[in-house]
1. Identify, from the list 270, 311, the residue that is farther than 24 Å from residue 465 by Cβ and surrounded by 14 or more Cβ atoms within 10 Å (Cβ to Cβ).
2. Looking at region 275-288, can you tell me whether even one residue there is at pLDDT 95 or above, more than 30 Å from residue 401 (Cα to Cα) and not assigned by TED's automatic domain parsing to the domain that holds residue 382?
3. Given (1) surrounded by 12 or more Cβ atoms within 10 Å (Cβ to Cβ); (2) without any contact (Cβ under 8 Å) to a residue 24 or more places away in the chain; (3) under 18 Å from residue 198 (Cβ atoms), where does residue 257 come up short, assuming only one miss?
4. Run residue 443 past the list (1) touching a residue at least 24 places away in the same chain (Cβ under 8 Å); (2) surrounded by 12 or more Cβ atoms within 10 Å (Cβ to Cβ) and report the number of the one that doesn't hold.
5. Can residue 438 be described as touching an Asp or Glu at 6+ places or on another chain (Cβ under 8 Å), modelled with pLDDT of 90 or more and farther than 29 Å from residue 336 by Cβ?
6. Name the pairs whose Cβ atoms lie under 9 Å apart, with the first residue in region 375-390 and touching a residue at least 60 places away in the same chain (Cβ under 8 Å), the second charged (D, E, K, R) and surrounded by 14 or more Cβ atoms within 10 Å (Cβ to Cβ), and 6 or more positions between them or separate chains?
7. If residue 351 meets every condition in (1) touching a residue at least 24 places away in the same chain (Cβ under 8 Å); (2) in a strand (DSSP E or B); (3) exposed (fewer than 13 other Cβ atoms within 10 Å of the Cβ) apart from one, which number is that one?
Amino acid sequence: MIGLTRLPIFRHCEERSPAPFVKRAGRSDTAIPHINPYINSKMAVKNYNLFLKIITVLAVIFLFHQVNAQTIPSFNINIEPLPIFAGDTAVVTVVPNNFSVSSTTFQWYINDTFNKSVSGLGKDSIVIKTASDKQEIITIKVVVDPGPGFEKIQRQSLVVSIPPFRSTEQISQEVAKFKADFKILAFPPDPSPGQTIHLNIQAVGFNVDTAKIQWFLNDKSMLSGIGEKSFDLETGKLGESYRVRVNITLPEGTTNSQSLTIRVNDLSYYWWTDAITPQWYKGKALPSIHSKVTILALPEITGIPANNLIYKWLFNDGPVVNKSGFGKSTYVFSPQFQGITENITVRAENMSGAIKKEKTVSISAVTPKVQFYQIKPLEGIDFSKNIDFLEAAPASILDFIAELFFFPPTAESDLSYQWQLGSRNVPSKEPASPNILSVRSESGSVPEQFIQLNVENKKIRNGGTVSSSFRLRYR
């Protein structure tokens, strides 16, 4: 191997033996030429440096590959025995091609329900006991995670049992039917108006790439050919329905047909808050800390009243069990943090779970505001614009009113108004109207003034004070 030098050579260099010849044990005196220690040492160092360079390059290539490459796990799903008769026990096993079972985590789902007891490290198989008195179609999904260097991937398969029969002929007929069995899958299964649905077929006992497949939409032929296993459909208006039928013909002539009805449903929402706004304000009130926000789910599902659905609420992806359930179409919460977006998700589904719709609303608490408006003689309050700067003539009397926006519901007795003119505290126009200020200017040259109002909510210890100001200039 390049760069490796026998240790005796280095030992010979250190001892500097003057003997030009040595004897080998067990053999006749045979002369071994003396090797110059300096030349041998120089060659060893050169070869050793070359060896280090090669190892370093290989290590860099290996580390770069490890950091930047994520291998896709390759595996097959094996189901035994086949066919499966009613009452049989089926074993579903992951057979890996490029990873080790012992270091891989497997998560197993039966009919979309996570099965914790059979999941875990090295648990590459699951046992399914079928019913003895009926046929079953069981969806098995497995999430495979081999660990570092591999991507996590999920696959699914079907365990289909043959119902009990009394005769061999019936069994043979059912076996033939089983070989041509398939399912139509739609993604998403419950589309909204104007949404594209991707449809494909999942075969049970045949190769879809060799079968003749015909797609029909509302009994109209849309697509036909060998291996045409997918079809895209764009939905129309709310309430419309589409009947999808697929006919398959296997190479040996066996045929089968399946149908699927897709209904266009929708789920919207409306939310409101009890945060206060002026009576004349026509805009939407925005929530603030300590106010309440109510969200109403508005499902539009054909043939099912909204109060006959099951609602599942999630707050920032965490389920809210006590506010979920049958007919619970509203959700109420109070924002606790200002400027933080809260995501509330609602899922509406029918009793069987066959129809599911989901929607997420994002809500963020705002800072309460105080805005100023001028009260004009003979005209009243000018709500057309709020004041942040105003010019007025000297020796004039000006009245202003402060309006509160997005404060949490609070009794007037719990609010404290403190007006300031310049750096001086000044009283409101009258005790009964603490939000109104009257300013009388002197004649002559008067400098620019700042008017500020601090509104304190005495029920809130920290962060209960809101301040706002505007400039007043005399010309």
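1. Residue meeting the stated conditions: 311.
2. Among the residues of region 275-288, not one is at pLDDT 95 or above, more than 30 Å from residue 401 (Cα to Cα) and not assigned by TED's automatic domain parsing to the domain that holds residue 382, which makes the answer no.
3. With respect to (1) surrounded by 12 or more Cβ atoms within 10 Å (Cβ to Cβ); (2) without any contact (Cβ under 8 Å) to a residue 24 or more places away in the chain; (3) under 18 Å from residue 198 (Cβ atoms), residue 257 is out only on (3).
4. (2)
5. Against the criterion (touching an Asp or Glu at 6+ places or on another chain (Cβ under 8 Å), modelled with pLDDT of 90 or more and farther than 29 Å from residue 336 by Cβ), residue 438 qualifies.
6. Taking only residues 6 or more apart or on different chains, the pairs are 375/399; 383/403.
7. It is condition (2) that residue 351 fails.
Here is a yes/no grid of residues against (1) closer than 30 Å to residue 232 by Cβ; (2) of a type in the set (Lys, Arg); (3) out of contact with any Phe, Trp or Tyr (no Cβ under 7 Å at 6 or more places or on another chain):
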site	(1), (2), (3)
303	yes, no, yes
327	no, no, yes
339	no, no, yes
366	no, no, no
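The values are calculated or read from the model by the stated rules, or taken from the named source; none is laboratory data. All of these numbers come straight from a predicted model, not from anything done at the bench. Using ideal geometry, Cβ is built from the backbone for each residue, glycine included, and neighbour counts are taken over all protein chains shown.
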